[in-house]
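Trainee: Dumping the structure here so I can ask a few things about it.
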Amino acid sequence: MFARSTRAVSLTEAGRDYLEEVKIALATLAAAGDAVLALSSGYHAALRVSALPFFSSTVILPWLTQLEDFCPGLSLKLEATHDYADFDGVGVDVAIRYGKKRAAGLRFEKLIDVQHVPVCTPELAGKLVQPSDLTDKILIQLNAQPDAWPAWLAASAHSQFKPKRELWVDSFPAALEAAEHGLGVALALHPLITAREGFGQSLVAPFPPSGTTGSFYLVMRSEQVHDRRIAGFRSWLSHALKQIQLRQ
């Protein structure tokens with residue numbers, strides 16, 4: 001397991017393999033301990049949540065004042081990040097992910113289906129009557145979703161469309177901000193975009209959403225499915241999403 005020299009002790013290859021297995025076991029043990037604590041002490045144990053920045057800003061933060069009604073005393077530790085949550089460690093209890101990338105030992109529960117919808121400034125929207133009017137406009141593209149615009153254009157019967165120019169950014173918030181500054185037309189996620197501050201004023205949708213683009217999922221370890229903190233958080237989240245859908 002260990003290789004000793006005159007000045008240091010290091011792990012052998014077998015030791016490193018053993019360490020990886022132990023890390024997973026320790027993470028599971030820590031999660032089980034948190035679940036027991038939550039069951040014995042109500043909602044007083046903090047819930048560690050990893051969520052995409054766009055979801056955090058349009059769903060979690062705007063509705064956070066109502067969390068107390070669903071789970072009194074529950075504290076959140078929210079990490080708004082584009083990185084996948086590391087469930088092998090002990091830094092997260094639940095994650096909100098876009099898309100269903102399977103991983104061993106994780107449970108996925110669908111939260112909401114979303115559709116891509118073009119958004120831009122009201123001034124630019126006034127020049128857009130039909131999708132073909134995008135020909136001489138700049139399309140704002142997301143690095144992680146290079147097929148998003150082609151898919152929306154194909155669904156709108158404009159698959160042979162060639163934009164004037166493209167602007168590539170690394171996140172949904174950056175794409176929306178660029179559109180808000182009049183730099184071009186971005187694709188937002190409907191209906192979540194309707195909950196974004198400024199939507200309908202500084203940022204509007206010149207065309208309707210098209211097709212089902214994807215879904216957001218609540219992800220947790222399988223052994224934490226009965227954790228009361230997660231159950232309360234799930235109920236509150238479902239309520240917030242229903243309120244957003246009612247705005248349509």
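The values are calculated or read from the model by the stated rules, or taken from the named source; none is laboratory data. Quick caveat, the model's predicted, so the values are computed rather than measured. A quick note on method: Cβ atoms are made from the backbone with ideal geometry, for glycine too, and the neighbour counts reach across all protein chains shown.
Trainee: Of the conditions (1) within 27 Å of Ser210 (Cα to Cα); (2) surrounded by 18 or more Cβ atoms within 10 Å (Cβ to Cβ); (3) among the aromatic types (Phe, Trp, Tyr), Phe87 fails just one. Which one is it?
Mentor: With (1) within 27 Å of Ser210 (Cα to Cα); (2) surrounded by 18 or more Cβ atoms within 10 Å (Cβ to Cβ); (3) among the aromatic types (Phe, Trp, Tyr) applied to Phe87, the lone miss is (1).
Trainee: Right, another one. When segment 103-126 is examined, which residues are found to be assigned to a loop (DSSP other than H, G, I, E, B) and modelled with pLDDT of 95 or more?
Mentor: First, the residues of segment 103-126 that are assigned to a loop (DSSP other than H, G, I, E, B): 103-105, 121, 126.
Across segment 103-126, the qualifying residues are Thr121, Gly126.
Trainee: Related question: Which of (1) part of a strand (DSSP E or B); (2) assigned by TED's automatic domain parsing to the domain that holds Leu76 does Lys100 not meet, given it meets every other one?
Mentor: Status for Lys100: all satisfied but (1).
Trainee: So, one more: What are the pairs with Cβ atoms under 9 angstrom where one residue, in segment 172-192, is closer than 18 Å to Pro122 by Cβ and the other, located anywhere, is surrounded by fewer than 20 Cβ atoms within 10 Å (Cβ to Cβ) and among the hydroxyl-bearing types (Ser, Thr, Tyr)? Sequence gap at least six, or different chains.
Mentor: Pairs that qualify, where the first residue is closer than 18 Å to Pro122 by Cβ and the partner is surrounded by fewer than 20 Cβ atoms within 10 Å (Cβ to Cβ) and among the hydroxyl-bearing types (Ser, Thr, Tyr), are Ala179/Thr121; Glu180/Thr121; Glu180/Ser202; His181/Thr121; Gly182/Thr121.
Trainee: Among the residues of segment 31-74, count how many are among the hydroxyl-bearing types (Ser, Thr, Tyr), loosely packed, with under 13 Cβ neighbours inside 10 Å and at pLDDT 90 or above. Reasoning before the result, please.
Mentor: Residues of segment 31-74 among the hydroxyl-bearing types (Ser, Thr, Tyr): 40-41, 43, 50, 56-58, 65.
Among the residues that remain, those that are also loosely packed, with under 13 Cβ neighbours inside 10 Å are: 40-41, 65.
After this cut, where a residue has to be at pLDDT 90 or above as well, the list is 65.
Total meeting the criteria: 1.
Trainee: Might you check whether a residue that is closer than 26 Å to Ile244 by Cα, surrounded by 14 or more Cβ atoms within 10 Å (Cβ to Cβ) and without any contact (Cβ under 8 Å) to a residue 40 or more places away in the chain occurs anywhere in segment 116-128?
Mentor: no
Trainee: Restricting to segment 62-75, name every residue that is touching a strand residue (DSSP E or B) at 6+ places or on another chain (Cβ under 8 Å) and either part of a helix (DSSP H, G or I) or within 25 Å of Leu189 (Cα to Cα) (or both). Steps first, please.
Mentor: Our first condition is that a residue be touching a strand residue (DSSP E or B) at 6+ places or on another chain (Cβ under 8 Å); within segment 62-75, this holds for 64, 67, 74-75.
Within segment 62-75, Leu64, Leu67 meet the criteria.
Trainee: Could you please tell me which pairs satisfy a Cβ distance under 6 Å, a separation of 6+ or placement on different chains, a first residue in segment 67-82 that is farther than 20 Å from Gln243 by Cβ, and a second residue that is of a type in the set (D, E, K, R)?
Mentor: As it stands, the answer is Lys77/Arg48, since those pairs meet every condition given.
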